[in-house]
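Here is the structure we will look at, set down as structure tokens.
Read-outs throughout are calculated quantities, based only on the coordinates presented, and are distinct from any laboratory measurement. This is a predicted model, so every value here is computed, not measured. Here the Cβ is made from the backbone with ideal geometry for all residues, glycine too, and neighbour counts use every protein chain on show.
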Amino acid sequence: MRSTSTSYSCSRGSYDYSVDETISIKLPAPWIINGLGLHFTGGRELTFANANERVMFFDPSTHSKGNQAALVDRDAFLKLLEREGLEAIWIIAGEKSAYGGRGHHSGWGGSRAHTYLYRMKNGGFVVDKFLSTDLPTKSQLEEFSEG
């Protein structure tokens, strides 16, 4: 498994007094830089271009309000994956738990965890779902219900 990006962050109030506000951006992972032949091109927008000066990777949060994101040229990225014998996957995971009762977390109502693994296949997505449920003991559920 290879990560496609790395993060850079510099906080306001650190020893770098040239920073007026906290900065968090996504940068391409070294294997993407090498595989796509990228070089740094943008001073303010932090873009990465190929030998033909075509922008292939950027984080839109450097010039627009919003969350940081790693955006890469789709066709070039998919060709790189094919050359490297890799495939793109996206993992989305989460958990819901129920706590309650009179005391601080004295009761528990159980939990449910989910993980979804998305892969590209034939121009679309295939998803594998992994779900698990943890049930409370009788005493945990009784304490949970007392709240």
### Task
Calculate one ³J(HN,Hα) per residue across region 110-115 by plugging θ = phi - 60° into the Karplus curve 6.51 cos²θ - 1.76 cosθ + 1.60, and present them in order as whole Hz with x for glycine and proline.
x, 8, 9, 10, 9, 9
### Message
Under the rule of at least 5 residues apart or a separate chain, name every residue whose amide H is placed under 5 Å from the amide H of Gln68.
### Response
none
## Note on the structure
Expected vector for region 121-126, Karplus 3J(HN,Hα) from phi with 6.51, -1.76, 1.60 and θ = phi - 60°, integer Hz, x for Gly and Pro, equals 8, 6, x, x, 10, 10
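Working out 0.36 nm times the residue gap between Lys129 and His63, then minus their Cα-Cα distance, what length gain in nm do you get to one decimal? Don't jump to the answer; show the numbers that get you there.
Working: separation 66, 0.36 × 66 = 23.76 nm, distance 3.59 nm.
The span from Lys129 to His63 would gain 20.2 nm if fully extended.
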### Task
Obtain the nm distance between the two label points defined at Glu53 and Asp75 by a simple spin-label model: each point lies 7 Å from its Cα along the Cα-to-C-beta direction.
2.0 nm
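Which of rounded, prolate or oblate describes the chain when judged by the alpha-carbon gyration tensor and an a/c cut-off of 1.5? Numbers along the way, then the final one.
Numbers: a/c = 4.07, a/b = 1.67, b/c = 2.43.
Judged from the Cα gyration tensor, the chain comes out oblate (a/c at least 1.5, b/c at or above a/b).
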### Query
Counting Lys and Arg as +1 and Asp and Glu as -1, what is the net charge of the other residues whose Cβ lies under 14 Å from the Cβ of Arg83?
-2
#### Entry: Neighbour net charge for Gly35 - beta-carbon separation under 13 angstrom, K R +1, D E -1
0
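Estimate the FRET efficiency between Lys96 and Trp31 by the formula 1/(1 + (r/R0)^6), using the beta-carbon distance for r and 30 Å for R0, to the nearest 0.05. Can you show the working numbers first?
Values: r = 35 Å, r/R0 = 1.18.
The pair Lys96/Trp31 has a calculated efficiency of 0.25.
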#### Entry: Cα→Cβ-extended label distance, 7 Å offset, between Ser9 and Leu86, nm
2.3 nm
### Task
Could you work out the Kirkwood radius for region 88-147, taking every pair of different alpha carbons, averaging 1/r and inverting it, reported in Å?
13.4 Å
